[in-house]
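The values are calculated or read from the model by the stated rules, or taken from the named source; none is laboratory data. The model shown is predicted, which means the values in this text are computed figures rather than measured ones. Heads up, the Cβs are rebuilt from the backbone with ideal geometry, glycines too, and the neighbour counts pull from every protein chain shown. Ligands, DNA and RNA are excluded from the accessible area calculation, which covers all protein heavy atoms including side chains. Shrake-Rupley method; radii C 1.70, N 1.55, O 1.52, S 1.80 Å.
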Amino acid sequence: MKISQQPLAKANIMIVDDTLDNLRLLSKVLTDQEYKVRGVSNGPRALKAAQLYPPDLVLLDIRMPEMDGYEVCKALKTDERTKDIPGIFLSALDEAVNKVQGFEIGGVDYITKPFQAKEVLARIETHLLLREMQKRLEEQNI
């Protein structure tokens, strides 16, 4: 049985980070793997972008002005159009309390900066595959 009709590398990933260097680095890592990437520099823009064109996965920085990554994740999870989008936190905050908070509000994973590109890619692929399998199960149950 084929798990995915389209390669996971064609998935649409939104990166939310207020640091331009982080956006550039992550965008390069992901586009080199043929992901479609949208970089967004703040929470309010991320929410608008996700509602207009929902991504397959969101990478979220936590420390951002205006609206932090936790608030963005919480807002995505309370919106019917975006509630099923997997959110992975990518942050320099590495205390257990930060990670637990991320999972409690609906994040599916937490990667600590500085990150290794291979680790980020492996986690993205895992969560995209899990989401694809979940969609198929939902379709079968209907």
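Here are some notes:
- 2 or more residues polar (S, T, N, Q) and over 24 Å from K10 (Cα atoms): qualifying helices (runs of 4 or more DSSP H) within the range 62-142: 96-104
- Residue match in the range 38-54 (condition: of a type in the set (V, I, T), in contact with an Asp or Glu (Cβ under 6 Å, 6 or more places away or on another chain) and buried (at least 16 other Cβ atoms within 10 Å of the Cβ)): no
- Residues satisfying the criterion are present in the range 44-56 (criterion: out of contact with any Leu (no Cβ under 6 Å at 6 or more places or on another chain) and among the aromatic types (F, W, Y)).
- Flag if S91 is hydroxyl-bearing (S, T, Y), touching a residue at least 24 places away in the same chain (Cβ under 8 Å) and surrounded by fewer than 20 Cβ atoms within 10 Å (Cβ to Cβ): no
- Top-ranked residue in the range 94-105 [being surrounded by 17 or more Cβ atoms within 10 Å (Cβ to Cβ) and either touching a Lys or Arg at 6+ places or on another chain (Cβ under 9 Å) or without any contact (Cβ under 8 Å) to a residue 12 or more places away in the chain (or both); ranked as nearest to D61 (Cα to Cα)]: K99
- All positions within the range 20-40 that are part of a loop (DSSP other than H, G, I, E, B) and either under 14 Å from L76 (Cβ atoms) or modelled with pLDDT of 95 or more (or both): Y35
- Residue under evaluation I111, criteria (1) surrounded by fewer than 20 Cβ atoms within 10 Å (Cβ to Cβ); (2) in contact with a His (Cβ under 6 Å, 6 or more places away or on another chain), criterion not met: (2)
- Single condition V16 does not satisfy, out of (1) open to solvent by 90 Å² or more (accessible area, probe 1.4 Å); (2) under 17 Å from V120 (Cα atoms): (1)
- Contacts under 8 angstrom Cβ, first residue in the range 47-60 being over 21 Å from D109 (Cα atoms), partner among the acidic types (D, E) and surrounded by fewer than 24 Cβ atoms within 10 Å (Cβ to Cβ), 6 or more apart: Q51/D79
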